[in-house]
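A.B. asks: What follows is a single structure, and I will ask about it in a moment.
Please treat every number below as a calculation from the coordinates, not as lab data. Quick caveat: nothing in here was measured; it's all calculated off a predicted structure. Counting neighbours? That spans all protein chains shown, and the Cβs are built from the backbone with ideal geometry, glycine included.
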Amino acid sequence: MNKPYQPVDAPDEPLRPDYIPAADYRAEDLTALEKQRLWPRVWQIACRAEEIPNVGDFVNYEIFDESILVVRTAPDAFKAFYNVCMHRGRRLRDEPNGRLSGFYCRFHGWKYDLEGRVTYIHNPEDWADCPTFKKEELSLAQVKVETWGGWVWINQDPDAEPLRAWLGEVADALDPFGLEDCRRLWWKTIIAPVNWKVVVEAFNEGYHSFATHNSGVNYRMIKSPGRGSGPHGMFWSEASGMGEYRPGGVGEWKEPKSLQENLLVNMVWQHETLFALTLDPSRAAAERLVAEYGDETDPAKIMVKFNDLVREETEKRGAKWPEAMTMEAQARAGTDWHMFPNTICLPSADGALWYRLRPNGDDPDSCVFDIWSLGRFAPGAEPKVEQEIFQGFETFKGNCFFLEEDFGNMLAVHKGMKSAGWKGARTNPVQEGQVVNFHKTLREYLGRA
């Protein structure tokens, strides 16, 4: 039985809609407990399916001390194996990705096929007097593997529920976006000097937008209610008006004179500073909306026209438009979905902005922070994408201005939560309920609930 988690700061403090105790962030045993009780029991994204397009292609996914090889074993099938030879425990592959026809241990020459079955043992006759040495029991140890949304997911828990059931409402909300047909526009990885939970929470609420993202568009008119959904969480955006903007982020603030202009300035700002969510089709559609339908005043008709133009621009480029991605489906999906514990997706008509977080080894003050921009492309027109790795936030500067506005917050929160003067997070019960839900679920996994 798991020993109950007793945080050192305040062992009995409950979570409330407006409060997360400081101990949930800084208890001395958190990293050890997460390593033991959380990460081996949850579904995690190992790679994008397009990263391993051919039979024999593999990705080496690492989490704490574990290394898991995810391999395409057939055109439509994947397997995942612990990266360890069954003979003496040597790791089979050290590189982050590659292609193989089978597994070979460089220590004593044992071989395995793509299904993980042992195919060669050097001097097998030496085990002739060992009745428990059975070749059929020497296959590579597997972990569960499933696909959804164009991603390959793994789970080390043999009793884990199926991925789709675990995702629940998340999959129902995001399926209409056809994420499995999207492709990477870019992939950037930051070795961030903060705890992984700090990054999760920074992108698990929109309450910060007004104070943080205030360079080119004023988000003061936006409210972002949120809620939990099983172990997961989401938020959506509600606008009570149109905020001011500064073209290019400089000069005097201006107020949009129409909904069309408001859509255009938001699309342009996102397109030029985030390079995700708003891609070429939506920007072109917003420009056409102003030029072709500038006299329309009915908000409902304007939004229908805009959606029609985005579809037209998408199909004009030869990309597939998901038929299920209706305006109603887009509204139901909201703005942001957090998939417990470490994955966040912001869907859009053009694709998605996607985050993945995980601890950087045993260091509680560092994490691996992956960011993907996904888009819709004509077959054969997908960009060739290489992972870019940045050591720290400073080296990332100049790559994505919109996201860079968030990084200072993360550094300051990571430091500030260690202060004796901070007793816990006073969460907004309307706009940060999903953050509290994250900690509720985390407590359950750690044996503290």
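A.B. asks: Based on this model, can you work out whether residue 255 counts as of a type in the set (Asp, Glu) and touching a strand residue (DSSP E or B) at 6+ places or on another chain (Cβ under 9 Å)?
C.D. replies: In short, yes.
A.B. asks: Is segment 226-234 home to any residue that is over 23 Å from the mean Cα position of the chain (by Cα), surrounded by 17 or more Cβ atoms within 10 Å (Cβ to Cβ) and not in a loop (DSSP other than H, G, I, E, B)?
C.D. replies: no
A.B. asks: Ok, one more. Does any residue in segment 179-202 that is in contact (Cβ under 8 Å) with a residue 60 or more places away in the chain come within less than 6 Å, Cβ to Cβ, of a residue that is of a type in the set (Val, Ile, Thr) and assigned to a loop (DSSP other than H, G, I, E, B) six or more places away or on a different chain, and which pairs are these?
C.D. replies: Listed by first residue and then by second, the contacts come to 184/385; 187/385.
A.B. asks: For residues that are crowded, with 16+ Cβ neighbours inside 10 Å and either in contact with a Ser or Thr (Cβ under 7 Å, 6 or more places away or on another chain) or hydroxyl-bearing (Ser, Thr, Tyr) (or both), tally how many sit in segment 410-425.
C.D. replies: Final tally of qualifying residues: 0.
A.B. asks: Does residue 382 satisfy the condition of being in contact with a strand residue (DSSP E or B) (Cβ under 8 Å, 6 or more places away or on another chain) and outside any strand (DSSP E or B)?
C.D. replies: So residue 382 fits the description; yes.
A.B. asks: In segment 132-155, what residues are surrounded by fewer than 20 Cβ atoms within 10 Å (Cβ to Cβ) and assigned to a loop (DSSP other than H, G, I, E, B)?
C.D. replies: 132, 133, 134, 138, 139, 141, 150
A.B. asks: Can you tell which of 96, 53 is surrounded by fewer than 16 Cβ atoms within 10 Å (Cβ to Cβ), closer than 28 Å to residue 34 by Cα and touching a residue at least 12 places away in the same chain (Cβ under 8 Å)?
C.D. replies: Checking each option against the conditions leaves just 96.
A.B. asks: Are there any pairs with C-beta distances below 7 angstrom linking a residue in segment 377-394 that is surrounded by 11 or more Cβ atoms within 10 Å (Cβ to Cβ) to a residue that is assigned to a loop (DSSP other than H, G, I, E, B) and not small (Gly, Ala, Ser), with the two at least 6 apart or on different chains, and if so which?
C.D. replies: 378/317; 392/193
A.B. asks: For segment 411-432, name all the residues that are hydrophobic (A, V, I, L, M, F, W, C) and assigned to a helix (DSSP H, G or I).
C.D. replies: Across segment 411-432, the qualifying residues are 411, 412, 413.
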